[in-house]
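Chemist: Mind looking over this structure? Questions follow.
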Amino acid sequence: MSSVFPVNDYGPLMPGLVMAGVAILHVFLAQFAVGGGFLLCYFQWLAMTGRNEYARRFVEGFFKILLMISFVMGALTGVGIWFTSIQISAATIGEMVFNFHWIWATEWTFFCLEIVAGYCFYRYHQRLSDRTSLTLLVLYTFAAWMSLFWINGILSWQLTPGDWVQSRELIDGFFNPSFWPSLFFRTVVCLTLASLVGCVVVNLIPDLDRDAQRSLINRAAHLMLPMLLMPALGAWFLWAMPADSRSWVLGGSPAMMMFFMISVGASVAIGGYALLGLWLQRLYINGATATLLLLLAFGATAGGEFVREGSRKPYSIRYVVYSSGIIPEEVGRLREIGSVTNDPYPVTNEPDCPNPTVLLGAKVFRRQCAVCHTMEGTNGVAHLTQTWDLSQMRLNIAKLQQTKPYMPPFSGTPQELDALVHYIRWVLDDRPSPFDYQRDDAVLAQIQIWLDEAGTEASSLALAGEEWSP
Ligand code: HEC
């Protein structure tokens with residue numbers, strides 16, 4: 001039996017959204033840091049071979065920005081991810097650390113190499129030969145990309161654990177079905193981001209004339225060429241996704257589809273501009289436009305990461321842990337002993353609970369619903385159930401996985417469910433005190449019947465086979 005860890009309360013922000021926000025910021029910065037390495041190697045080479053006389057100044061300017069972003073912001077948000085995720089789903093992070101201990105250690109080692117190589121370049125490149133400087137940059141880039149390689153295996157495993165589910169072999173989990181499409185797709189994104197930041201940086205280099213700027217921008221734009229592969233890589237990724245997750249993205253869940261479309265739309269806009277403006281017409285692009293394109297790229301990354309995180313529902317690790325932190329095999333037992341029986345943490349976000357039942361309901365909400373819902377803020381359960389009477393609430397929550405296939409099955413006793421319903425009712429009635437609760441055994445018996453009818457498994461959709469029939 002896993003331990004209970006409380007989900008942190010972020011007021012009107014639902015915890016899943018907070019997690020997504022921190023993760024998106026970090027992924028954006030980290031991917032730029034990887035792509036930045038490639039861009040620097042390219043420009044160092046241009047400088048060494050005399051192909052562009054301004055390339056050296058670009059390397060200087062760009063590297064300072066890369067340093068700030070990858071070393072300072074990247075590291076800060078990286079720690080932020082750990083800090084946030086243990087507040088939101090300790091069970092998920094626990095599984096990730098438990099199953100991939102050595103992969104994390106390997107990833108961290110490459111991150112160290114990245115920092116050391118980057119620092120040496122920063123500190124000594126003026127005294128070093130061109131060749132040695134390039135070696136340091138190649139080392140930096142290799143290490144940065146390798147840290148992406150390792151972490152990509154763990155992140156893609158969350159969505160598509162593949163054969164690992166049966167074999168529990170590290171290698172199956174790591175090289176899971178979405179490993180390669182995800183790695184290649186992310187690499188293309190890294191290059192694109194670096195290229196766009198490059199265009200911004202060119203505009204910031206002092207006393208560079210228009211022609212010099214144009215020549216640098218056209219070189220930086222070369223790193224956007226791999227974007228041509230994006231449609232194929234995206235389709236490969238979608239194809240590797242479980243059928244249900246794919247169906248959320250392609251229309252099953254309006255929010256998911258919207259974010260997917262934002263991501264695709266922003267990518268098409270960037271790619272179109274790059275194709276028409278930068279390659280075909282060899283245009284100059286000013287700082288404002290470059291910044292705008294970079295913002296679009298942030299939108300595309302945000303949309304994409306949101307979809308990747310969101311489409312795992314009802315799991316945070318497919319078949320292994322539900323988003324709520326509850327293990328699928330535990331559901332049956334939790335329905336007998338209760339989901340919060342072993343929850344020692346006081347409910348601090350509802351200080352004025354009028355009776356023990358409402359208090360129990362608030363605890364059940366925290367354990368089973370709070371990751372994806374708030375009470376009255378984002379995805380607020382109070383709003384979603386506004387028009388339902390008590391009996392409808394009981395039925396729809398007892399059959400939670402049928403109410404919406406991206407929710408896990410309810411995992412507590414009938415008493416807990418009734419307490420949850422009363423907690424929702426109390427909030428809907430503006431938290432009155434006193435607030436009456438009468439235990440009714442006939443009601444509890446009915447809830448038990450509904451729970452039995454719903455079963456303890458996830459929705460059949462969320463258990464569906466991995467094959468795709470478009
Ligand atoms: C894995 C995330 C997740 C968990 C856990 C979860 N939900 Fe949901 N729930 C959702 C999403 C996403 C929606 C869709 C919201 C929408 O349609 O706007 C939803 C919708 C609902 C709705 C509206 C259903 C309808 O038909 O309109 C209710 C009520 C609800 N959830 C209650 C709960 C309760 C109570 C719990 C805890 C026992 C819970 N949810 C746990 C993600 C979750």
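Chemist: Determine, yes or no, whether THR141 is farther than 19 Å from PHE28 by Cβ, touching a residue at least 12 places away in the same chain (Cβ under 8 Å) and β-branched (Val, Ile, Thr). Before the answer, list the steps.
Modeler: On the way: farther than 19 Å from PHE28 by Cβ: no; touching a residue at least 12 places away in the same chain (Cβ under 8 Å): yes; β-branched (Val, Ile, Thr): yes.
No.
Chemist: Regarding GLU330, is this residue in a helix (DSSP H, G or I), outside the structural domain of GLN448 (by TED's automatic domain parsing) and surrounded by fewer than 16 Cβ atoms within 10 Å (Cβ to Cβ)?
Modeler: No; evaluated as a whole, the condition is false for this residue.
Chemist: Then there's this: Step by step: first the residues of segment 276-291, then only those that are surrounded by fewer than 17 Cβ atoms within 10 Å (Cβ to Cβ) and either within 16 Å of the ligand (Cβ to nearest atom) or hydrophobic (A, V, I, L, M, F, W, C) (or both), then the one that is nearest to PHE28 (Cα to Cα). Which residue is that?
Modeler: For segment 276-291, the residue satisfying everything is ALA288.
Chemist: While we're looking at this one, here's another question. Give ASP436, ASP452, ASP441 a once-over and let me know the one that is farther than 26 Å from ILE326 by Cα, out of contact with any His (no Cβ under 9 Å at 6 or more places or on another chain), surrounded by fewer than 16 Cβ atoms within 10 Å (Cβ to Cβ) and modelled with pLDDT of 95 or more.
Modeler: None of the other options fit; the residue is ASP441.
Chemist: Here is a follow-up. Among the residues of segment 335-361, which ones are closer than 16 Å to SER433 by Cα and charged (D, E, K, R)?
Modeler: Of everything in segment 335-361, those that are closer than 16 Å to SER433 by Cα and charged (D, E, K, R) turn out to be GLU350, ASP352.
Chemist: Taking PRO346, is it closer than 24 Å to VAL18 by Cα, touching a strand residue (DSSP E or B) at 6+ places or on another chain (Cβ under 9 Å) and of a type outside the set (Ser, Thr, Tyr)?
Modeler: On the way: closer than 24 Å to VAL18 by Cα: yes; touching a strand residue (DSSP E or B) at 6+ places or on another chain (Cβ under 9 Å): no; of a type outside the set (Ser, Thr, Tyr): yes.
Answer is no for this residue.
Chemist: Further question on the same structure: Go through SER133, SER167 for me and flag whichever is touching a residue at least 60 places away in the same chain (Cβ under 8 Å) and either farther than 24 Å from ARG308 by Cβ or surrounded by fewer than 23 Cβ atoms within 10 Å (Cβ to Cβ) (or both).
Modeler: Answer to the selection: SER133.
Chemist: Continuing with the same structure: Can you give me the ranges of the helices (runs of 4 or more DSSP H) entirely in segment 335-438 with at least 1 residues that are touching a residue at least 60 places away in the same chain (Cβ under 8 Å) and within 9 Å of the ligand (Cβ to nearest atom)?
Modeler: Fully inside segment 335-438 and qualifying: 356-368, 414-428.
The values are calculated or read from the model by the stated rules, or taken from the named source; none is laboratory data. Since the structure is predicted, the reported quantities are computational estimates derived from the model, not experimental observations. Ideal geometry is used to build each Cβ from the backbone, glycine not excepted, and the neighbour counts take in all protein chains shown.
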